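First up is the structure itself, then whatever we jot down about it.
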């Protein structure tokens, strides 16, 4: 159940404000008795909620009395305060990221033969997107089945977004789709192709009849191979990435051969 504590008030502050709503204008002593806030704390509590514009004080009266601000106005002010705090925190985090971006060195490129893997559909997609983000020169992509057995619209859109980022970095992207897969792509993915991808001179896509696996080659050095689940072939079991320029050359040569026999996507 929601409470004033969820908006940043302490137990005593919430109790004092609620008590004022019930009692109407009250002195500190009266409010202490009505709210259960000890007299030793009531003045600090009143000063705090007054600074948050939740109560008004009547200084002319002796002893001073306090009145609660209308709940709708009070809640709006608390909400604005929390939003402001969140924005300040977000700005702080962004400043830290900007500083660390220039401070942290890029990781040393792995040696030839280095490989890693991600297990499971979600992890497979995340690793693929991570490797796409490392591309500096060229990406070639075979796509035979809906990636990772996940929702084809969601996964295709995410991959498309990262390919757009790569193109904006000056990376050349070539995609070879299986004919069956090209017929399954959602309308929103096709719309992105027409409106954004096709506008890039460095992007090209063709439809092939010999594409039977999901493979990505990054910068002619790293090969990402999706391994299907042997029990459920429509679901990804793992994505294996291998840093091996010689193997990458072989895969790229196979890609080029299949590319020649493929047709342009209309």
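Selection within the range 11-25: residues that are within 10 Å of residue 37 (Cβ to Cβ) and touching a residue at least 12 places away in the same chain (Cβ under 8 Å). The member of this set that is nearest to the chain's Cα centre (by Cα) is 13. Kindly establish whether residue 41 is over 17 Å from residue 77 (Cβ atoms), out of contact with any strand residue (DSSP E or B) (no Cβ under 9 Å at 6 or more places or on another chain) and not in a helix (DSSP H, G or I). For residue 41, the condition - over 17 Å from residue 77 (Cβ atoms), out of contact with any strand residue (DSSP E or B) (no Cβ under 9 Å at 6 or more places or on another chain) and not in a helix (DSSP H, G or I) - is not met. For the range 214-266, the tally of residues that are at pLDDT 85 or above, exposed (fewer than 12 other Cβ atoms within 10 Å of the Cβ) and under 29 Å from the mean Cα position of the chain (by Cα) stands at 0.
The values are calculated or read from the model by the stated rules, or taken from the named source; none is laboratory data. These numbers come from a predicted model, not from an experiment. Cβ: placed from backbone, ideal geometry, glycine included. Neighbour counts: every protein chain shown.
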